[in-house]
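These notes concern the structure reproduced below.
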Amino acid sequence: MYRAVCASVAIVLTAWVPAGLASPSPSGGPALPQSPRPAVVYRQWNDLMHKAVDGDVAAATEIGRMYADGIDTPPDAAEAARWFGRAADLGSDAARRELGLLLLRGNGIEKDPERAASLLRQAADAGDAEAEAALGVIYAYGDGLPRDWALAVEWSRRAAEQDNPWAQANLGLYLETGRTGAPAPAQAAAWYRRAADHGFALAQVRLGLLYERGFGVDRDPVRAFTLYIWAAQQNDPIAERLLGLAFGDGIGTPRDPLEQAAWLKRSADHGDAESMYLLSEIYAQGRGVARDPEQAHDYLLDAAEHGHALAAAAVGVDDADPADAAKWLRIAIDAAAKDAAFLTEDAATYRGRELALARFHLAMLLLHGTGVARDTAGAIALLHHASDHGCGLATNELARMYHRGDGVARDNVTATKLYQAAAAAGVGSAAFDLADGYATGWVGERSSQTALAWYRRSAALGFTPAWFALGRSYEEATGVARDANEALTWYQLAGNSNVTAAQMRLGDIARCGELGQPRNDLVALRWYRLAADHGEPLAEEKIGDLYWRGSADLSRDRAEAVRHYGVAANRGIASAERKLAIAYANGDGAPADDARMLQWERKAAEAGDPVAAGMLGYAIMIGLDGSYDLVEAATWLTLAAEHASGNEWQVQAVAYSRDARNKLTAVEREALQARLAHWRSARDDE
């Protein structure tokens, strides 16, 4: 139900709008350069180690690389960091760069973006091209240093002019998307081409995307497809994914769903989270593969575990375990925050709506402390973000909070505006609450006609309680002329949609012959049973009443009546507790049993049933419980007498209570007043 409001059923997976990175980048954001692999084939490990221990900077750096890459030794990031640190302390800019990259990625050691940025800046100031390229990425993501697009472009350009392919690809991306000015796709294409001509896969991918769209170059899908092939031959996962999408959409090649699935699987095998996410869709829908919901879920989970924001959001929204749901939703939100500069959360996009929905669900967990520590302030921040990004459910929850003053200052003016916005976004319960506001006057001036209009709006949005409210409006002539047929129609719509209040009312109509309908206990029984099946304990009592009384439509069955009274009584319905007591008192529908009679009488009396109070007081007065506690008897008889309304037991309670009190001593009268005060207070609290 939640998903329908905040999410679209369709998703354009290959969309790419260049201006300002307005939609997800098929080729990702700026990429960190990879460290060169150590060239140690001609060195002996022991000789290298001796040189490093003796202070040879190059040897120490090389050992660090060997530990980092697992060359002639198991990979050990901590040991690599130690040797890089030793070489950096001895003045090696290459070691500073390698240690900075290690700390920035955090593979095998704790991430330290601030220290990484400092080390990389030192190496970059010395002219190290890889460090310059990495520094450009740091400024782009704001990871270890404040985000600064101008500096991201400057450092990337320095490295690009030294022919660093990573920097050339990143600089092309900044120019293409207009990070520091108007988009310049032709200049981007030139930088992509320089790196692509040297066989750099990421640049080939991005240049291919320009050819696919005709952005900065003449549109040439075949050229794009060829570039994707070249990059895929280097096992580049993004190229493999784009090849899959090209086969799926017929870009530069005939459509081929089997090839699409094959390339996406290859990309997923190489760790591409987006391909995993796409495969989950393909297996869920059976496009090019046999439909397999289990495989679809496995790919979705894989994508989530690889940090894919939409996959993690989907897993979190659907996870039945609140703690696990919160974990996945946080992963989704954290991933979205990291990608915010490159991937849009516009409410008009599928991505924006899904992430807004994820924030709404996490907010609800935080609001109620379900599976996580309660955090009202955090929940409100998430709700505002989700509401601002088009999630009507979040807007509706904020409206409720402002109306109730829950976590925010109570403000019905703000609540009304939020409810209106949520209703405009398609949230039926928001329209229903507005109707209630106009009916009761908390919105402003009471207006049954305006309330009716909002009930109609809520009903049109499929909010089934509004159907019952419309039925009640027509029955009670509230804001509209009385119309029994119209009332019955709305009640039946609501009842058939499992609105228990409507099912109960329909049962009463059939039992009593109201709204022009003939009396029919079988019809009443059917509606009450539907309500009982949906957990309504009062329906159990009413079923018991039908069987207790019997009619031409339904044979009397006191035992069946007692069974239903028992269900209602065990769920706290005081009148059913009293009816059970009567059954045990008279041995009617159940064996006569004074102990059980007293048990149920007391439960009903303590719940505030005055008839049960009179029965209990009388039973104690005549000694049925063996206590002969006259103060206790007088207490219950007095409480019953205070609510006397002509019922036989209550009328008798007046006389019995007078009789009991007349027999009390002065001390006992004081005890009576104390007990009466206790029970009156308890009832007032209820």
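Assorted remarks:
- Note on region 47-72: residues that are open to solvent by 20 Å² or more (accessible area, probe 1.4 Å) and touching a residue at least 12 places away in the same chain (Cβ under 8 Å) total 10.
- When each of ASP298, ASP249, ASP269 is tested for being surrounded by fewer than 23 Cβ atoms within 10 Å (Cβ to Cβ) and either in contact (Cβ under 8 Å) with a residue 60 or more places away in the chain or in contact with a Cys (Cβ under 7 Å, 6 or more places away or on another chain) (or both), the lone residue that passes is ASP249.
- Complete set of residues in region 74-104 that are surrounded by fewer than 16 Cβ atoms within 10 Å (Cβ to Cβ) and either in contact with a Lys or Arg (Cβ under 8 Å, 6 or more places away or on another chain) or in contact (Cβ under 8 Å) with a residue 24 or more places away in the chain (or both): PRO75, ALA78, LEU90, GLY91
- For region 509-524, a residue qualifies if it is open to solvent by 30 Å² or more (accessible area, probe 1.4 Å) and among the acidic types (Asp, Glu), and exactly one does: GLU514.
Quick grid of which residues meet (1) surrounded by fewer than 19 Cβ atoms within 10 Å (Cβ to Cβ); (2) under 27 Å from ASP148 (Cα atoms):
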site: GLN162; (1), (2): yes, yes
site: TYR174; (1), (2): no, yes
site: GLY181; (1), (2): yes, yes
site: HIS198; (1), (2): yes, no
site: LEU210; (1), (2): no, yes
site: GLY216; (1), (2): no, yes
site: ARG223; (1), (2): yes, no
site: ILE229; (1), (2): yes, no
site: GLN234; (1), (2): yes, no
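- Per this entry, GLY566 is not counted among residues that are crowded, with 24+ Cβ neighbours inside 10 Å, of a type outside the set (Lys, Arg), closer than 30 Å to ARG602 by Cβ and modelled with pLDDT of 95 or more.
- Filter result for ARG359 (assigned to a helix (DSSP H, G or I) and either in contact with a His (Cβ under 8 Å, 6 or more places away or on another chain) or surrounded by fewer than 22 Cβ atoms within 10 Å (Cβ to Cβ) (or both)): yes
- Failed item in (1) open to solvent by 20 Å² or more (accessible area, probe 1.4 Å); (2) touching a helix residue (DSSP H, G or I) at 6+ places or on another chain (Cβ under 7 Å); (3) without any contact (Cβ under 8 Å) to a residue 40 or more places away in the chain, with GLU130 passing the rest: (3)
- Some residue of region 156-172 being touching a residue at least 24 places away in the same chain (Cβ under 8 Å), among the hydrophobic types (A, V, I, L, M, F, W, C) and not in a helix (DSSP H, G or I): no
- So ASP143, is it acidic (Asp, Glu) and open to solvent by 50 Å² or more (accessible area, probe 1.4 Å): no
- Leading residue by the ranking (nearest to PRO237 (Cα to Cα)) among those in region 183-196 that are crowded, with 23+ Cβ neighbours inside 10 Å and not hydroxyl-bearing (Ser, Thr, Tyr): ALA196
- Top-ranked residue of region 366-407 - restricted to ones that are of a type in the set (Asp, Glu) and open to solvent by 20 Å² or more (accessible area, probe 1.4 Å), ranked as farthest from ALA424 (Cα to Cα): ASP375
- Test result for ALA481, small (Gly, Ala, Ser), surrounded by fewer than 16 Cβ atoms within 10 Å (Cβ to Cβ) and closer than 24 Å to LEU515 by Cβ: yes
- Unique match (being open to solvent by less than 30 Å² (accessible area, probe 1.4 Å), under 27 Å from the mean Cα position of the chain (by Cα) and in contact (Cβ under 8 Å) with a residue 40 or more places away in the chain) among LEU310, LEU279: LEU310
- Figure legend. Inter-residue proximity from region 663-676: first residues of a type in the set (Gly, Ala, Ser), second residues surrounded by 13 or more Cβ atoms within 10 Å (Cβ to Cβ), beta-carbon distance below 7 Å, spacing 6+ or different chains. Indicated pairs: ALA671/VAL631.
- Where helices (runs of 4 or more DSSP H) fall wholly inside region 449-567, the ranges with 2 or more residues that are within 27 Å of ASN586 (Cβ to Cβ) and aromatic (Phe, Trp, Tyr) are 537-549.
- Where helices (runs of 4 or more DSSP H) sit wholly within region 582-686, those with at least 1 residues that are modelled with pLDDT of 90 or more, within 53 Å of the chain's Cα centre (by Cα) and buried (at least 21 other Cβ atoms within 10 Å of the Cβ) occupy 594-606, 610-621, 630-642.
- Of the residues making up region 229-255, those that are part of a loop (DSSP other than H, G, I, E, B) and either under 33 Å from the mean Cα position of the chain (by Cα) or closer than 16 Å to ALA201 by Cβ (or both) number 4.
- Conditions (1) crowded, with 24+ Cβ neighbours inside 10 Å; (2) more than 21 Å from VAL499 (Cα to Cα); number of the one not met by THR450: (1)
- Taking the criterion of being open to solvent by less than 10 Å² (accessible area, probe 1.4 Å) and either of a type in the set (A, V, I, L, M, F, W, C) or free of Cβ contacts under 8 Å to residues at least 24 places away in the same chain (or both), the residues of region 535-563 that qualify are ALA539, ILE543, LEU546, ALA561.
- Selection of first residues in region 321-346 that are touching a residue at least 24 places away in the same chain (Cβ under 8 Å) and of second residues that are surrounded by 20 or more Cβ atoms within 10 Å (Cβ to Cβ) and of a type in the set (Asp, Glu), restricted to Cβ pairs under 8 Å at least 6 apart or on distinct chains, gives the following pairs, ordered by first then second residue: ALA336/GLU345.
- Residue check for GLY288: over 29 Å from the mean Cα position of the chain (by Cα), at positive phi and surrounded by 16 or more Cβ atoms within 10 Å (Cβ to Cβ): yes
- LEU264 being in a helix (DSSP H, G or I) and either in contact with a strand residue (DSSP E or B) (Cβ under 9 Å, 6 or more places away or on another chain) or under 20 Å from GLY28 (Cβ atoms) (or both): yes
- Residue in region 218-227 that is assigned to a helix (DSSP H, G or I), over 24 Å from PRO254 (Cα atoms) and free of Cβ contacts under 8 Å to residues at least 40 places away in the same chain present: no
The values are calculated or read from the model by the stated rules, or taken from the named source; none is laboratory data. Nothing here was measured: the structure is a model prediction, and the numbers come from that model. Backbone-built Cβ (ideal geometry, glycine too); neighbour counts: all protein chains shown. All accessible areas refer to the heavy atoms of the entire protein, side chains included, with ligands and DNA or RNA removed. Shrake-Rupley method; radii C 1.70, N 1.55, O 1.52, S 1.80 Å.
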